[in-house]
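This is the structure, below, for whatever I ask next.
The values are calculated or read from the model by the stated rules, or taken from the named source; none is laboratory data. Just so it is clear, the model here is predicted, and its values are computed rather than measured. Positions of Cβ are generated from backbone atoms using ideal geometry, with glycine treated the same way; all protein chains shown enter the neighbour counts.
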Amino acid sequence: MGSFRGQLALAAVVVSAAVGASAAWASPLRVLIKDSPNKTQSNRTRATINGIVIHDTEGRFIGSVRVLQRAWTRGSAHFVVSRRGQIVQLVPVTDVAWHAGNAWWNLHSIGIEHEGWVGRRAYTEKEYRASAQLVAYLAHRWSIPLDRGHVIGHAEVPNPYRPGFFGGASGHSDPGPYWKWAHYMQLVRYYAAHPVLPKFVKRMTVLPDAPVPHAQLVTRAVVPVRHVVRRSTVDRNATVHGKALWWSGVTAATQWRRHIWKVDFLVDGKTIYTDHTWPYSFHRTIGWDSSSVGNGRHMLAVRTYGAHHYRTRKSVPVRVANPPLRVRITGAVSGGAVDGLLNIGARTNEPVERLALYVDGKPVSRDASPPYRLLWDTRTAVEGAHTMLVYARGKHGTHRAALTVPVVVANAPTFPPALARNWLTRRGLGDMLGRFDPEQ
């Protein structure tokens, strides 16, 4: 009897082990961890990573993984997704993969290769879903917004050497016209709402490559890039506007060799930001707000601190060219008549610190939060002509604008006699037209 119970216990252990193994293999998203020497070791954080770049391999899955693992390739990606929906990770997300052909995007993005070709309808539904599950997880893990400004194709990466061109330094066009962006982003948002936790493993059966689809006749691949926001970059003698990306220029090799521990960013000799984490950039992906200074020439500088009293300073002259501050109003027109409680709506082409209304040089109303509203009780003013001035002050005090609007206060039931010489009343206009004779 005891022997029989022992057999039952052994059988239960075997069954439970089999069930556990089955459950592990049934994990909906498995990621095989491999390694590639083509990377820059770093300590990237949520503050550093701000985008995901979608690529295609232009080759078979297994062969592409092997190529990206060779040192002479000088290129890599964080993940590779097969047409059968399997995923291999080659570079840790905290490290920099060499995938975008743009140093800034390499520093601040995650690269995902997909088995496929630009000129073929090669992408499968399994591939879309596996990639969407992975992207939804990465976006949640690293706080990346799920929109087309942050999840882009390789074809949408700016060319660092040719402003206005895209596809990185080599002008890539992947993932190409057959990548279904609308369907893919719909899947990404679905899995963001219904997350699938990936299981990272060191051993996994890699399925054979799926059959290769026939090439399509494509004379020209047209890739839309309207979703990409073009941003200026701080560089020597560059013209910048808005929030400009500003990198310290400290490479991973310099950071490791010199033990860099702090970088100061200076504008016109004044330190306005300090970063203690590589890759040492001004507010990471936010950039430097160039509207904090006036238009014209400015001297920017980067001051680096390392071990053993290591110090360097690099000056970067730039020219700031932001559009002038403009004010528009509603509720009153130049030369028009106003009466009662005048409610003026105002808007500007950039955020401002405040708006103020002056009448004949005296302050009347002010507002510091949009939508801006300025009030003037015209019944407290004498009948006749007055000058309104709407004044706007920029956030940093460097931009100012003033809009002058002459108006006529007309609260009385009859037209002011003092203005009869300069203004046509209905009666006066009728008398004039009655005396007009075209035959004379």
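Residues being among the polar types (S, T, N, Q) and surrounded by 20 or more Cβ atoms within 10 Å (Cβ to Cβ): count how many of those fall in segment 265-284.
Within segment 265-284, the first condition is being among the polar types (S, T, N, Q), and the residues that meet it are 271, 274, 277, 281.
Adding the requirement that they be surrounded by 20 or more Cβ atoms within 10 Å (Cβ to Cβ) leaves 281.
Matching residues across segment 265-284 total 1.
Kindly indicate the residue of segment 230-242 that is assigned to a loop (DSSP other than H, G, I, E, B) and farther than 16 Å from His283 by Cβ and also modelled with the lowest pLDDT among those meeting that condition. So that I can check it myself, show each step before the final result.
Of all residues in segment 230-242, those assigned to a loop (DSSP other than H, G, I, E, B) come to 230-232, 234-237, 241-242.
Going one step further and asking which of them are farther than 16 Å from His283 by Cβ, we end up with 230, 235-237, 241.
On the way: Arg230: 63, Asp235: 89, Arg236: 89, Asn237: 91, His241: 91.
Of everything passing the filter in segment 230-242, Arg230 is modelled with the lowest pLDDT.
Okay, moving on. Name the single residue, out of those in segment 155-187 being at positive phi and in contact with a helix residue (DSSP H, G or I) (Cβ under 8 Å, 6 or more places away or on another chain), that is surrounded by the most Cβ atoms within 10 Å (Cβ to Cβ). Walk me through it before giving the result.
Our first condition is that a residue be at positive phi; within segment 155-187, this holds for 164, 167-168, 171, 176.
Then keep just the ones that are in contact with a helix residue (DSSP H, G or I) (Cβ under 8 Å, 6 or more places away or on another chain); that gives 167-168, 176.
Details: Gly167: 22, Gly168: 22, Gly176: 24.
The residue in question is Gly176.
Could I ask something else about it? Check every one of the helices (runs of 4 or more DSSP H) wholly within segment 80-199 and list those with 1 or more residues that are touching a strand residue (DSSP E or B) at 6+ places or on another chain (Cβ under 8 Å) and among the acidic types (Asp, Glu).
The helices (runs of 4 or more DSSP H) meeting that bar are 125-142.
Related question: Quick one: would you say Ala381 is without any contact (Cβ under 8 Å) to a residue 60 or more places away in the chain and touching a Phe, Trp or Tyr at 6+ places or on another chain (Cβ under 6 Å)?
Criteria not met by Ala381.
Here is a check on your reading of the model: is Gln69 over 28 Å from the mean Cα position of the chain (by Cα), assigned by TED's automatic domain parsing to the domain that holds Pro158 and at pLDDT 90 or above? Talk me through it step by step, then tell me what you get.
Details: over 28 Å from the mean Cα position of the chain (by Cα): yes; assigned by TED's automatic domain parsing to the domain that holds Pro158: yes; at pLDDT 90 or above: yes.
Spelling it out, Gln69 is indeed over 28 Å from the mean Cα position of the chain (by Cα), assigned by TED's automatic domain parsing to the domain that holds Pro158 and at pLDDT 90 or above.
Here is a list: Arg400, Arg379, Arg328, Arg393. Which entry is within 30 Å of Ser290 (Cβ to Cβ) and at pLDDT 90 or above?
Working: Arg400 fails: at pLDDT 90 or above; Arg379 fails: within 30 Å of Ser290 (Cβ to Cβ); Arg393 fails: at pLDDT 90 or above.
Only one candidate qualifies: Arg328.
Can you tell me which residues in segment 124-135 are surrounded by 24 or more Cβ atoms within 10 Å (Cβ to Cβ) and among the aliphatic types (A, V, I, L, M)?
Ala130, Leu134, Val135
Let me ask something additional. From the residues in segment 288-341 that are closer than 22 Å to Trp261 by Cβ and touching a residue at least 60 places away in the same chain (Cβ under 8 Å), which one is surrounded by the fewest Cβ atoms within 10 Å (Cβ to Cβ)?
Residues of segment 288-341 that are closer than 22 Å to Trp261 by Cβ, as a first pass: 288, 300-316.
Narrowing further to those that are touching a residue at least 60 places away in the same chain (Cβ under 8 Å): 300, 314, 316.
Numbers: Leu300: 26, Lys314: 13, Val316: 19.
Here the residue is Lys314.
Can you find a residue in segment 141-148 that is under 23 Å from Lys34 (Cα atoms) and under 19 Å from the mean Cα position of the chain (by Cα)?
yes
Tell me yes or no: at least one residue of segment 262-275 is more than 22 Å from Lys395 (Cβ to Cβ) and acidic (Asp, Glu).
The initial filter retains those residues of segment 262-275 that are more than 22 Å from Lys395 (Cβ to Cβ), namely 262-264, 275.
Still in the list and also acidic (Asp, Glu): 264, 275.
Yes; the residues of segment 262-275 include at least one that is more than 22 Å from Lys395 (Cβ to Cβ) and acidic (Asp, Glu).
Out of segment 251-264, which residues are under 17 Å from Thr45 (Cα atoms) and surrounded by 20 or more Cβ atoms within 10 Å (Cβ to Cβ)?
Gln255
Looking only at segment 95-123, which residues are farther than 28 Å from Ala71 by Cβ and either under 25 Å from the mean Cα position of the chain (by Cα) or surrounded by fewer than 21 Cβ atoms within 10 Å (Cβ to Cβ) (or both)?
Gly119, Arg120, Arg121
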